[in-house]
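A.B. asks: Below: one structure in C-alpha cells.
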Amino acid sequence: MELKNISKVYHTKKEKVEALKDFSYKFDDGKLIAIMGHSGSGKSTLIKIMGLMDTCDEGKIIIDDKVVNDLSEKELADIRMNNIGFVFQDYYLDIDLKAIDNVILPMIINDNISRSDRKKKAEYLLKFVGLDKRINHYPKELSGGEQQRVAIARCLANDPNIILCDEPTGNLDEDNEETIFKMLSDLSKKGKCVVVVSHSNEIKKYADEVIYLKGGKLVKNNETK
Amino acid sequence: MKLSDQLFIIKNKLLKKDNFLLMLVLSFILLIVFICITILNFVIQYMEDIKDYKETRTLIVYNPSIDDIKIIDNMEHIDIFVNKKYDFVSLETDAFGKSSNETDFTIRPLLNKKYAKIVMGKQLENRKDMICPIKFYPYGSTDNNYNKSDLINGKKLIGKSLSLKSSLDNKIYNFNIVGSFKNNVLDEMNYCYVSVEDFDLFASDIEENGCYEDINGVEICDYQKIDDYLLVVDEEKYVENVRKELENKKIATDYSVTISFDEIRTIFAYSFFILTFVLILSVFIIYYYVKKKIISSLEYFGMLKSIGYDDAIITKLERDELVIISIIGFIISMTMYIPLYIYVSHKFLSELFFMNYMIEIPIVLFIIMTLIYLMFIISINRLAMKSRLKLSSSEIFNGK
Ligand SMILES: Nc1ncnc2c1ncn2[C@@H]1O[C@H](COP(=O)(O)OP(=O)(O)O)[C@@H](O)[C@H]1O
Ligand SMILES: [Mg+2]
C-alpha cells in the first residue's frame, strides 16, 4: 500500500485544521510499521485515510497497484472487507455478540466464505489469539486484553493483507501490550502489512520501520532493529 | 444478506433500552390510535345507519279528519301515511326455542318494499310469506336483559314455517319464512314483515283504552277505534318542514321516537380531537426516538463500516430492526386493545347505545395505520442515517 502526497484539512466552525500535509509513504507487505508522534499530530487521520474510512483532499492512495481514491462508497467498503483489518484502542466489539460471533460478523458479508466454514474459521482465529477457551463469552465477560485479542481475531476474519491499528494497547497494561505487539509482529512475519500507531516506546522493539509525524507531516523515518 | 444472518446480528439488540422504549412508545401510540379509529368508525357507521332508520322520520298524526287525510295524501315527501293499526301486532308463539311467556314477537305490514332490504332468500311475493331480520331476537329486549348468545341468525330461519293465531277470528294461519332482511342499528330485532293483506288478518282497528276493576273486582276494559295515523317522511331533512306544514294546517302531530345525537356527537368530537393530537404528537415522538437510537449507535455503525459493511447494508439492518420493533409494538398494542374492547363494548357502550349495535373492530384500518407508521419510521430512519453514517466512521478513531 502506498500513499502519495496526501493532505487532509478539517473544517470546523472556528478554524481550519491541517491534519495531514503532503504525506507520502510506501507501506510494504511483511513489515510492521510503527507510527509515532504527539497527540494531534495526525496519526489517527492517517489511519482513517489509509483504511478508506475517510477521504483525503489531495493525493493518491494506491492498494495493489490500483488508485482507490475515486471509488464509490460500496467499492470502498468492499476493499475494507477484503484487504483491510482494523484494531482500535477501544476494541469496538459488538457487545451483544459472543466472542465467536464477533469474529463471524465480518464473514457474513463475504461471499467467499461459506456459511458452514464461518464457525470453524472463527474458532481457528480465536485459537490463534489464545482465546479458544473463551469463544462463548460476551465482551463484558472478558478483560481488556482479551477483548483486544478478539478484535485482532476479528480483523483477520476475511484474510486482509493490511492491518491498521490505532493505539491498540492504549487501554492495556504492559503484559497485555507485549502479547498484542508480539501477535502483530507475528502477523507481519506472515507477510501482512501491519501499521501500528502507538505512544509506547515498546513498539520500537517489534517495528521494522518507525515513522514520526508532527503537525501532519512526516518528520523522521527510522529503520529499526 | 440472508434473513438468518440479519437475525443473527439483530436478535440481541431488540430488547435493548432504546429499542424497548421505542417499542413501548409505539405500542401506546398505536393503542390510542386504534381506540380512536374504532370509535370514529363506529360513530360514522351509526350515523350512516340512522339514515335508513325510518322511525326517526315517523310522525304520529292525531285523529285526522277526512279532509286532513286528503290534504296529507296530496303532500310531498311522504312515503307512508296509514292508520296506526298498521304499526305492529304482538303475537304469542313458542316457535323460536323459548316458551311463549319468554317470547316477544311482533309482525308488521311491509308498507313499502324499500324498507326491507333482502340479504338472503326472497322478498315478500305470495300470501303467507314472511321475512325476518338477519339479526333476530324475539325475546323482549331491553339493554339489561339482552343476551347475545340467544341472537338468532335470520338466514337460518329461511324455509321455516310458522303457525300464528289471530285474536280477531281465533284462527291459525301458517306462514313461510322466505327471506332475511338487513336490520339496521336501531331497528328493533323482534319483528318480521308480512304483506298488508296478511297483516289485516291480525290487526284490529279497535284498541284497548284502559281497564279498571268494578265494585265486585271484575275487570272491565274500555275500547276505542284507532283514529291516529302514522306518517313516514321520505327523508330526514324534510321531517321538520312536514311537521310545520301540518301545524299550520292545525293538524296535530308528534314524533314517534326522538334520538339525541348530542352524546354521540360529543364522543365523535373528542375522538377526532384525540386522534389528530396523537397523530401529530407521535410524529415528533417517533422522530425523536429514531434519531436518538441512531445517534447512540454511531460507534456501532463505524465498527460495521470498518469491517467492510457498506452504508446500504447498515441502513437495511437498522431498517429491519425497526420493522421488527414495529411489528412487536403492533402485537403489544393489540393485546392491550382486545381486553379493552371487550370491556368497553360490553359494559359501557351497550348501555349508551341501542343494544343491537355491534361495535366492529376495524382491523383493516389498524393494519393500514400501522403500515403508515412503519413507512414513516423507515423514511425517518433512512433520512437520519444518510447524514450520520458519514460521521460514524470518525467515531471509532482515537482522538476523534
Ligand atoms: N473530525 C475532525 N474534525 C475536525 N478536526 C479534526 C477531526 N479529526 C481530527 N481533527 C484534528 O486533526 C488533528 C489531527 O488529529 P488526529 O489525527 O486525531 O491526531 P492523533 O491521532 O495524532 O492524536 C488534530 O488537531 C485534531 O483536532
Ligand atoms: Mg489518535
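The values are calculated or read from the model by the stated rules, or taken from the named source; none is laboratory data. This is a predicted model, so every value here is computed, not measured. All Cβ positions, glycine included, derive from the backbone under ideal geometry; neighbour counts span all protein chains shown. These accessible areas exclude ligands, DNA and RNA; they are computed on the full protein's heavy atoms, side chains included. Shrake-Rupley method; radii C 1.70, N 1.55, O 1.52, S 1.80 Å.
A.B. asks: List the chymotrypsin sites (Phe, Trp or Tyr not before Pro) within the range B:1-37 that DSSP assigns to loop and that have no more than 16 neighbouring Cβ atoms inside 10 Å.
C.D. replies: Sparse-neighbourhood loop chymotrypsin sites (Phe, Trp or Tyr not before Pro): none present.
A.B. asks: Counting Lys +1, Arg +1, Asp -1, Glu -1, what net charge surrounds residue A:145 among other residues with beta carbon under 9 Å of its beta carbon?
C.D. replies: Values: positive: A:149; negative: A:146, A:173, A:175, A:177.
Surrounding charge for residue A:145 is -3.
A.B. asks: Could you tell me which trypsin sites (Lys or Arg not before Pro) in the range B:1-69 are loop residues by DSSP with no more than 12 other beta carbons within 10 angstrom of their beta carbon? Can you show the working numbers first?
C.D. replies: Values: sites: B:2, B:11, B:13, B:16, B:17, B:51, B:54, B:57; in loops: B:2, B:16.
Sparse-neighbourhood loop trypsin sites (Lys or Arg not before Pro): B:2.
A.B. asks: When chain B is treated as a GNM, springs tying every alpha-carbon pair under 10 Å, which of B:219, B:247, B:299 comes out with the largest mean-square fluctuation?
C.D. replies: Comparing B:219, B:247, B:299 in the GNM, the peak value goes to B:219.
A.B. asks: Are there trypsin sites (Lys or Arg not before Pro) in the range B:197-280 that DSSP marks as loop and that have at most 10 other Cβ atoms within 10 Å, and which are they?
C.D. replies: B:250
A.B. asks: OK, next. How much of the accessible area of the range A:1-144, probe 1.4 Å, is carbon plus sulfur, in whole percent?
C.D. replies: 46
A.B. asks: Excluding ligands, DNA and RNA, what is the solvent-accessible area per residue of the range A:30-161 at a probe of 1.4 Å, expressed in Å²? It would help to have the intermediate numbers written out before the result.
C.D. replies: Details: 5450 Å² over 132 residues.
Value for the range A:30-161: 41 Å² per residue.
A.B. asks: For a bin width of 20 Å, list the pair-distance distribution of the protein assembly as shown built from all Cα-Cα distances, rounded to whole %.
C.D. replies: 15, 30, 17, 15, 15, 6, 0
A.B. asks: Take the range A:96-225, compute every pairwise Cα distance, and split them into 5 Å bins from 0; I just need the percent in each bin.
C.D. replies: Reading the bins upward from 0: 2, 10, 19, 20, 19, 13, 8, 6, 2, 0.
A.B. asks: Which Rg and Dmax, in Å, describe the Cα atoms of the range B:247-321?
C.D. replies: 28.5, 93
A.B. asks: If Rh is defined by the Kirkwood formula over all Cα pairs and Rg also comes from Cα, what ratio Rg/Rh do you get for chain B?
C.D. replies: Expressed as Rg/Rh, it is 1.20.
A.B. asks: Can you check what the Kirkwood hydrodynamic radius comes to for the range A:2-223, Cα pairs only, in Å to one decimal?
C.D. replies: Values: mean 1/r = 0.0559 Å⁻¹.
After inverting the mean inverse Cα-Cα distance, the result is 17.9 Å.
A.B. asks: Oh, and also: Around residue A:183, what is the net charge, scoring Lys/Arg as +1 and Asp/Glu as -1 over all other residues with Cβ under 12 Å from its Cβ? Provide the component values of the computation, followed by the final result.
C.D. replies: Numbers: positive: A:149, A:182, A:189, A:190, A:192; negative: A:177, A:178, A:186.
Charge balance near residue A:183 sits at +2.
A.B. asks: Same structure again: Helices from chain B with mean Kyte-Doolittle at least 1.0 and a Cα length along the axis of 18 Å or more, per DSSP H: which?
C.D. replies: Passing helices, by number: B:17-51, B:262-296, B:311-343, B:363-395.
A.B. asks: Same structure again: Give the separation of the Cα centroids, the range A:134-169 to the range A:29-43, in Å.
C.D. replies: Here the two parts' Cα centres lie 20 Å apart.
A.B. asks: For residue A:193, what is the net charge nearby, where nearby means another residue's Cβ is under 9 Å from its Cβ and Lys, Arg count +1, Asp, Glu -1?
C.D. replies: Every neighbour counted, the sum reads 0.
A.B. asks: I've got another one for you. Can you give the average number of partner chain beta-carbon atoms within 10 Å of each beta-carbon in peptide B:296-306, as a whole number? Before the final figure, lay out each step's value.
C.D. replies: Details: counts 0, 0, 0, 3, 4, 0, 4, 11, 6, 8, 17.
Averaged over the peptide's residues, the number is 5.
A.B. asks: Compute the distance in nm between two label points, each set 7 Å from the Cα along the Cα-to-Cβ direction, one at residue A:141 and one at residue A:9.
C.D. replies: Output for this residue pair reads 5.2 nm.
A.B. asks: Could you bin all the Cα-Cα distances of the range B:65-192 into 5 Å bins starting at 0 and give me the percent of pairs in each, rounded to whole numbers?
C.D. replies: Cα pair-distance distribution for the range B:65-192, in percent: 2, 9, 18, 22, 19, 13, 9, 5, 3, 1, 0.
A.B. asks: Post the alpha-carbon centroid distance, the range B:53-113 to the range B:179-245, in whole angstrom.
C.D. replies: Centre-to-centre distance over Cα atoms comes out at 5 Å.
A.B. asks: Express the carbon and sulfur contribution to the solvent-accessible surface of the range B:76-236 as a percent, rounded to the nearest whole number, probe 1.4 angstrom.
C.D. replies: Carbon plus sulfur share of accessible area: 43 percent.
A.B. asks: For the range A:19-125, what is the per residue volume of the convex hull drawn over the alpha-carbon atoms, in cubic angstrom?
C.D. replies: About 144 Å³ per residue, rounded to a whole number.
A.B. asks: OK, next. Projected onto the charge dipole of chain B (+1 at Lys/Arg Cβ, -1 at Asp/Glu Cβ, origin at the Cα centre), which of B:251, B:47, B:290 gives the Cα projection farthest towards the positive end?
C.D. replies: So the residue we want is B:290.
A.B. asks: What does the buried accessible surface come to for B and A, summed over both chains, with the probe at 1.4 Å? Round to 100 Å².
C.D. replies: Chains B and A together bury roughly 2700 Å² of accessible area.
A.B. asks: So if I average 1/r over every pair of distinct C-alpha atoms in the range B:125-271 and take the inverse, what Kirkwood radius in Å does that give?
C.D. replies: 19.6 Å is the Kirkwood radius here.
A.B. asks: Between residue B:224 and residue B:260, how many nm apart are label points set 7 Å from Cα along the C-beta direction?
C.D. replies: 3.1
A.B. asks: Counting only heavy atoms of the protein chains, get the accessible area per residue of chain B (1.4 Å probe) and round it to a whole Å² value. Please list the in-between numbers first.
C.D. replies: Numbers: 21050 Å² over 400 residues.
Accessible area per residue: 53 Å².
A.B. asks: If amide H atoms are built 1.01 Å from N in the plane of the peptide, which residues on other chains or at least 5 residues away come under 5 Å of the amide H of residue B:80?
C.D. replies: Distant-sequence amide H within range of residue B:80: B:232.
A.B. asks: Give the separation of the Cα centroids, the range A:71-126 to the range B:150-170, in Å.
C.D. replies: 77
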